[in-house]
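Each remark here refers to the structure printed beneath this line.
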Amino acid sequence: ISNPPAFGHIHVAEALGAPLHIMFPQPWYYGTQDFPHPMAGLSYKEGGLGNKESYQAFEALQVAAFGHAMNTWRMRDLHLHKLYRGAGVSSAITESKIPFSAMWSPSFVPKPSDWPEQCRVVGTFTTDKKKPVTINEDEFADVIQWLKEGDAPIFIGFGSMVIKDTSLLSNIVMESARAANARVIVQSNWSKLNVSEEPLCKDIGPAPHDWLLPQCCAVIHHGGAGTTAAGLRYGLPTLVCPFFADQFMWANMVSRAKVGPDPCPVNELTSEILTTKFQELRDPDIKANAAALSVKMNAENGVQGGMTHFFDDLPRDKLLCDVSLILGEIANSKYRLENSQITIGTEVGALLAPPPSPAVSWRDFYKYLESLWRKLIATRGENWMRRNAKVTYALGQVKTVKR
């Protein structure tokens with residue numbers, strides 16, 4: 001199980017002969033007309049020109065940039081053949097029909113109609129919702145007291161995003177809070193905001209979102225996949241101020257689902273714009289839509305959905321020893337008998353192989369069998385017993401010229 005930033009996943013799977021499954025909270029590899037690749041820099045217009053093509057273009061760009069390093073690693077460390085540009089390397093995932101589990105709520109962003117069968121939107125991966133959240137009340141005593149003194153505030157937090165002018169943004173938040181008469185709690189992380197001069201505002205550092213967000217009436221953040229899902233699970237109207245990449249996607253999806261106002265990139269915020277956004281977050285229709293979506297999202301189990309997808313697409317018939325299954329047991333299929341295509345495990349292989357010499361202890365027997373298979377090939381013919389590759393990914397197959 002891997003994700004797109006682990007660039008070498010399919011190459012490792014090829015070397016091991018093992019099945020691969022991609023899980024990620026962003027669309028990747030499989031193109032769709034619904035929205036572009038999150039790294040493409042295109043506008044999120046449904047059915048926009050180039051949406052679907054942007055996925056293949058991004059993969060081709062990666063191969064062009066990292067192809068040399070990838071081939072060096074493949075040949076030196078994985079002992080695989082060299083891949084050639086123009087031979088379909090950039091479409092290896094889609095051509096091999098690798099299962100892709102999209103880790104977001106299907107109630108929020110449904111599966112695109114032009115995605116293939118091996119793609120599923122399985123739901124957000126979250127921890128146990130029923131587990132009580134505990135905090136050190138002494139550490140947050142002043143925050144707890146401030147929360148009790150008035151209406152539920154609007155949460156503002158930009159996580160690990162770097163804000164160029166923190167003083168300017170702090171002033172914008174305070175001016176907008178006064179203009180909209182809105183209570184605001186601001187969480188600083190990598191960039192430190194200071195809104196302590198305004199009584200309607202409260203500063204807070206690191207704090208569990210599962211404790212803080214349920215005490216808020218709306219959220220404003222950078223639009224990370226996890227933060228967006230967290231706010232919506234609590235039924236909070238959401239404004240996304242994106243910085244880069246998939247944050248623009250979630251920003252537009254919030255607006256498309258009518259659970260928040262139109263997005264505004266953080267570097268375009270002004271006190272006038274933020275004041276208007278504060279007022280829009282109070283809109284009864286947006287609040288009702290957010291509440292209805294939270295009911296659907298909380299009924300989902302993303303982890304279970306991901307597990308179900310994984311096991312549904314797992315090639316069980318190629319993973320297990322055929323002989324052991326007949327005996328009512330389960331064993332990993334380490335080898336394959338080429339003349340019959342029967343897969344066998346280590347113990348069955350031990351019965352078929354010559355007994356170990358007295359010098360080999362049973363503790364080292366598995367290592368012995370691993371080295372023995374080469375001798376078996378030499379004595380019984382090349383096609384007698386091989387390592388069993390559960391899955392083969394034929395990367396770099398030339399399609400445009402004769403080989």
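Would you confirm whether any residue within the range 36-47 is assigned to a loop (DSSP other than H, G, I, E, B) and at positive phi?
yes
For the range 57-79, give me the residue count where each residue is open to solvent by 80 Å² or more (accessible area, probe 1.4 Å) and either of a type in the set (S, T, Y) or within 25 Å of the chain's Cα centre (by Cα) (or both).
Total meeting the criteria: 2.
List the pairs whose first member sits in the range 291-319 and is touching a residue at least 60 places away in the same chain (Cβ under 8 Å), whose second member is open to solvent by 90 Å² or more (accessible area, probe 1.4 Å), and whose Cβ atoms are under 6 Å apart, counting only residues at least 6 apart or on separate chains?
No pair meets every condition.
R380: modelled with pLDDT under 80, more than 38 Å from the chain's Cα centre (by Cα) and surrounded by fewer than 15 Cβ atoms within 10 Å (Cβ to Cβ), yes or no?
yes
Kindly list the number of the only condition in (1) within 19 Å of G47 (Cα to Cα); (2) in contact with a strand residue (DSSP E or B) (Cβ under 7 Å, 6 or more places away or on another chain) that fails for M253.
For M253, the exception is condition (2).
Of everything in the range 291-329 that's among the polar types (S, T, N, Q) and modelled with pLDDT of 90 or more, which residue is least open to solvent (accessible area, probe 1.4 Å)?
S294
When the residues of the range 37-56 are narrowed to those that are modelled with pLDDT under 90 and open to solvent by 20 Å² or more (accessible area, probe 1.4 Å), which ends up nearest to M249 (Cα to Cα)?
Residue satisfying both the conditions and the ranking: Y44.
Can you tell me which of A182, A207, A177, A152 is in contact with a strand residue (DSSP E or B) (Cβ under 9 Å, 6 or more places away or on another chain), exposed (fewer than 15 other Cβ atoms within 10 Å of the Cβ) and either among the hydrophobic types (A, V, I, L, M, F, W, C) or on the phi > 0 side of the Ramachandran plot (or both)?
Of the residues listed, the single one that is in contact with a strand residue (DSSP E or B) (Cβ under 9 Å, 6 or more places away or on another chain), exposed (fewer than 15 other Cβ atoms within 10 Å of the Cβ) and either among the hydrophobic types (A, V, I, L, M, F, W, C) or on the phi > 0 side of the Ramachandran plot (or both) is A152.
Mind counting the residues in the range 100-117 that are in contact with a strand residue (DSSP E or B) (Cβ under 7 Å, 6 or more places away or on another chain), open to solvent by 10 Å² or more (accessible area, probe 1.4 Å) and not hydrophobic (A, V, I, L, M, F, W, C)?
3
Return the pairs, sorted by first residue and then second, in which the second residue is open to solvent by 40 Å² or more (accessible area, probe 1.4 Å) and among the aliphatic types (A, V, I, L, M), the first residue lies in the range 244-273 and is within 19 Å of V173 (Cβ to Cβ) and in contact (Cβ under 8 Å) with a residue 40 or more places away in the chain, the beta carbons are less than 8 Å apart, and the residues are 6+ apart or on different chains.
Going by the 8 Å Cβ cut-off, the qualifying pairs are S271/A179.
Residues S340, S271, S361: which one is open to solvent by less than 60 Å² (accessible area, probe 1.4 Å) and modelled with pLDDT of 85 or more?
S271
Here are K97, K131, K82: which of them is closer than 30 Å to I220 by Cβ, open to solvent by 20 Å² or more (accessible area, probe 1.4 Å), out of contact with any Leu (no Cβ under 6 Å at 6 or more places or on another chain) and not polar (S, T, N, Q)?
Being closer than 30 Å to I220 by Cβ, open to solvent by 20 Å² or more (accessible area, probe 1.4 Å), out of contact with any Leu (no Cβ under 6 Å at 6 or more places or on another chain) and not polar (S, T, N, Q) holds for just one of K97, K131, K82, which is K131.
Looking at the range 237-259 only, could you name the residues that are open to solvent by 10 Å² or more (accessible area, probe 1.4 Å) and in a loop (DSSP other than H, G, I, E, B)?
The answer is F243, F244, A245, D246, A257, K258.
Hey, among the residues in the range 278-290 that are assigned to a helix (DSSP H, G or I) and free of Cβ contacts under 8 Å to residues at least 60 places away in the same chain, which one's least open to solvent (accessible area, probe 1.4 Å)?
A290
Could you check the range 119-132 and list, in sequence order, the residues that are at pLDDT 95 or above and more than 16 Å from the chain's Cα centre (by Cα)?
Within the range 119-132, no residue meets the criteria.
The values are calculated or read from the model by the stated rules, or taken from the named source; none is laboratory data. Keep in mind that this is a model prediction, so the values were computed, not measured. Don't worry about glycine lacking a Cβ; one is built from the backbone with ideal geometry, like all the others, and counts go over all protein chains shown. Please note that ligands, DNA and RNA were not included when accessible areas were found on the heavy atoms of the full protein model with its side chains. Shrake-Rupley method; radii C 1.70, N 1.55, O 1.52, S 1.80 Å.
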